[in-house]
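Structure first, commentary second.
The values are calculated or read from the model by the stated rules, or taken from the named source; none is laboratory data. Just so it is clear, the structure is predicted and the values come from calculations on it, not from any experiment. No Cβ is skipped: glycine too gets one built from the backbone with ideal geometry, and neighbour counts run over all protein chains shown.
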């Protein structure tokens, strides 16, 4: 009798466990970014993205990070675009030439 009640509890609880684990997956897919010269040592980096199951009004946080510090001046970071914009642009100036920036 104990085994029958154990089996019934297991079988009846199985639909609740499987239903609770079905989650939709949101995905943000970055695309290649472009860097364009806008003047002497001045550039604009444009980053584009796409994705699935994202609301076009969903707010994002975008920041321009670089290394080594002190070589580049970023004029508009961080930014808070919405997903529907599908791109963000950063303006930056290279202060010291001849360095590798990553």
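Figures for the structure shown
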quantity: Selection from segment 65-82 of residues that are in a loop (DSSP other than H, G, I, E, B) and either touching a helix residue (DSSP H, G or I) at 6+ places or on another chain (Cβ under 7 Å) or over 13 Å from residue 44 (Cβ atoms) (or both); calculated: 65, 66, 67, 68, 69, 70, 71, 78, 80, 81
quantity: Among (1) in contact with a strand residue (DSSP E or B) (Cβ under 6 Å, 6 or more places away or on another chain); (2) surrounded by 13 or more Cβ atoms within 10 Å (Cβ to Cβ); (3) free of Cβ contacts under 8 Å to residues at least 40 places away in the same chain - the single one residue 30 does not satisfy; calculated: (2)
quantity: Checking residue 91 against (1) exposed (fewer than 14 other Cβ atoms within 10 Å of the Cβ); (2) modelled with pLDDT of 90 or more, the condition it does not meet; calculated: (1)
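Let's see how each residue does on (1) surrounded by 11 or more Cβ atoms within 10 Å (Cβ to Cβ); (2) modelled with pLDDT of 90 or more; (3) on the phi > 0 side of the Ramachandran plot:
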| site | (1), (2), (3) |
| --- | --- |
| 36 | no, yes, no |
| 45 | yes, yes, no |
| 53 | no, no, yes |
| 64 | yes, no, no |
